[in-house]
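Below is one structure, written out as structure tokens, with a few remarks after it.
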Amino acid sequence: MDKAPEAFRTISEVADDLDVPQHVLRFWESRFAQIRPMKRGGGRRYYRPDDIDLLRGIRHLLYGQGYTIRGVQRILREQGPRFVQAVWQEGAPQPPVGGGGEEETERAGERGLFGLWPAMGAKEEIETGGSDEAAAEQAAPHVRLAPQPAKPALGADDLKRLRATLDDLVACRKLLDTALAE
């Protein structure tokens, strides 16, 4: 039986509609204060149409656009819930790329191992202090890079440890490649 568009939906109906597990919706409730389903006896959740649109927007930003939870929280704070409710619709305005100014970039995949350096050209950045943006563009032309925030200076000991760790990781990768080739 189909419900009217303005009807409330249960968590299982919303989870099926958005193609996400129910526990993800509960997790999002804990991370986004704007998600407030009506709760009835026994804690049963009922989502309003506006709640569902907000969840669609959050899903679009997280899964479709690659934002992190913090990035979506920033968009909600700066643009408001109405913006996020509409962002998933075709032709809707999208959040500005790297629009946070001095704030840290909140897109997933734009920071490398443990957030220490950009994912592309990491070894070159450690050794030279710079990044190879052209190589990054060639390696992943579909990734829109936002301006990187100013990096804190690393001490000589920190650089030495990072170089040693990177060398260990490169050696591990070579061992794995050799084992897989055999």
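The values are calculated or read from the model by the stated rules, or taken from the named source; none is laboratory data. Fair warning: this is a prediction, and the values are worked out from it, not measured in the lab. We place every Cβ from the backbone using ideal geometry, glycine too, and count neighbours over all the protein chains shown. SASA here: full protein model, heavy atoms, side chains in, ligands and nucleic acids out. Shrake-Rupley method; radii C 1.70, N 1.55, O 1.52, S 1.80 Å.
General remarks:
- Considering the stretch 20-43, the residues that are more than 24 Å from Gly80 (Cα to Cα) and assigned to a loop (DSSP other than H, G, I, E, B) include one that is modelled with the lowest pLDDT, namely Arg40.
- The test for being crowded, with 17+ Cβ neighbours inside 10 Å and outside any loop (DSSP other than H, G, I, E, B) holds for Val72.
- Which numbered condition Glu6 fails, given (1) over 23 Å from Glu90 (Cβ atoms); (2) exposed (fewer than 14 other Cβ atoms within 10 Å of the Cβ); (3) touching a residue at least 40 places away in the same chain (Cβ under 8 Å): (1)
- Search result, residues across the stretch 8-19 that are of a type in the set (Val, Ile, Thr) and either closer than 22 Å to Glu78 by Cα or assigned to a strand (DSSP E or B) (or both): Thr10
- Within the stretch 52-63, considering residues that are touching a helix residue (DSSP H, G or I) at 6+ places or on another chain (Cβ under 8 Å) and not hydrophobic (A, V, I, L, M, F, W, C), the one least open to solvent (accessible area, probe 1.4 Å): Gly57
- Failed item in (1) surrounded by 19 or more Cβ atoms within 10 Å (Cβ to Cβ); (2) assigned to a strand (DSSP E or B), with Tyr46 passing the rest: (1)
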